[in-house]
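The structure appears below as structure tokens.
Each value in this text was obtained by applying a stated rule to the coordinates, not by laboratory testing. Everything numeric in this text was worked out from a predicted model, so none of it was measured. Reconstructed Cβ throughout: ideal geometry from the backbone, glycine too, with neighbour counts over all protein chains shown.
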Amino acid sequence: MSQAASKLAGRDLASLIPYLGLAPEASQAMAASGQVMDALVQLEGGGFLVEATKLMAHALPKREAVWWSCMCSSSTAPADLPDADEKCRRAAEEWVRGQSEKQRYAAWDAAQASGYGTPEVYTAVAAFWSGGSMAPEGQPAVPPQPHFVGNAVAGVIALSAVRGDPTKRDARLKRFLESGRNIAAGGPGRLPPETA
């Protein structure tokens with residue numbers, strides 16, 4: 001995939017860095033990068049996988065970032081995932097498909113009913129923070145900050161990577177980054193559910 005074909009091309013790397021919370025070592029690893037794709041390669045090559053996923057979460061367009069969070073959370077979801085959490089992810093996916101205000105508020109309602117303990121909840125929060133207003137319907141608008149979606153998606157990725165078995169974190173993060181690159185190139189980014 002050429003960088004020009006990626007939805008990450010043209011993103012201003014410098015404007016994203018303040019939201020990543022990078023340690024000095026990670027900042028140094030990508031210091032020579034001028035583009036998001038280059039920075040991702042440098043971070044991943046340096047073993048800064050968490051930092052690379054944070055960058056991906058903030059660099060993807062909001063719709064694609066929410067979809068990515070859904071793909072990653074579904075790949076590590078346990079077979080006995082509570083219905084409330086499944087509803088959160090479904091609500092986020094529905095928002096990705098339709099992007100209506102009704103779907104955005106439905107995602108928020110699902111998150112409010114869940115308890116905020118799983119990655120799936122934050123897929124719904126990310127969808128809600130994608131635009132519009134954070135205030136209840138009918139109230140004066142309170143727009144979310146532009147980086148809120150990236151923060152929520154980065155949280156989904158981090159939680160999904162350690163769910164059930166934290167020793168699988170790095171392998172999962174590598175798969176998640178591949179999924180993100182696929183989405184950035186216009187693909188579905190689907191990840192098969194883990195079997196064990």
### Task
Would you calculate a helix-derived [θ] at 222 nm for the chain, using -39,500 (n - 2.57) for each DSSP H run of n ≥ 4 and dividing by the full residue count, to the nearest 500?
-18000 deg cm²/dmol
### Task
Using only Cα atoms, locate the centre of segment 118-196 and the centre of segment 17-57, then give the distance between them in Å, rounded to an integer.
18 Å
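Quick check: residue separation of Glu101 and Arg169 times 0.36 nm, minus the Cα distance between them. What number comes out in nm?
Between Glu101 and Arg169, full extension yields an extra 21.0 nm.
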### Summary
Computed from every Cα-Cα pair in the chain, P(r) in 5 Å bins starting at 0 and rounded to whole percents is 1, 9, 17, 21, 20, 15, 10, 6, 1, 0
### Task
Would you mind telling me which residue in Ala14, Ala185, Ala59 has the biggest mean-square fluctuation in a Gaussian network model of the chain, where springs connect alpha carbons within a distance under 10 angstrom?
Ala14
### FRET E, pair Ser27, Met134, Förster distance 35 Å, beta-carbon r, rounded to 0.05
0.70
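Of all chymotrypsin sites (Phe, Trp or Tyr not before Pro) in segment 114-145, which ones are in loop regions per DSSP and have a Cβ with at most 13 other Cβ atoms within 10 Å? Walk me through the numbers on the way to the answer.
Details: sites: Tyr116, Tyr122, Phe128, Trp129; in loops: Tyr116, Trp129.
Those that pass, being in a loop and sparsely packed, are Tyr116.
With +1 on each Lys and Arg Cβ and -1 on each Asp and Glu Cβ, and nothing else charged, work out how big the dipole of segment 1-187 is about its Cα centre, in Debye to the nearest 20. Working shown, then result.
Numbers: 18 positive and 19 negative charges, 53 e Å.
That gives a dipole near 260 debye.
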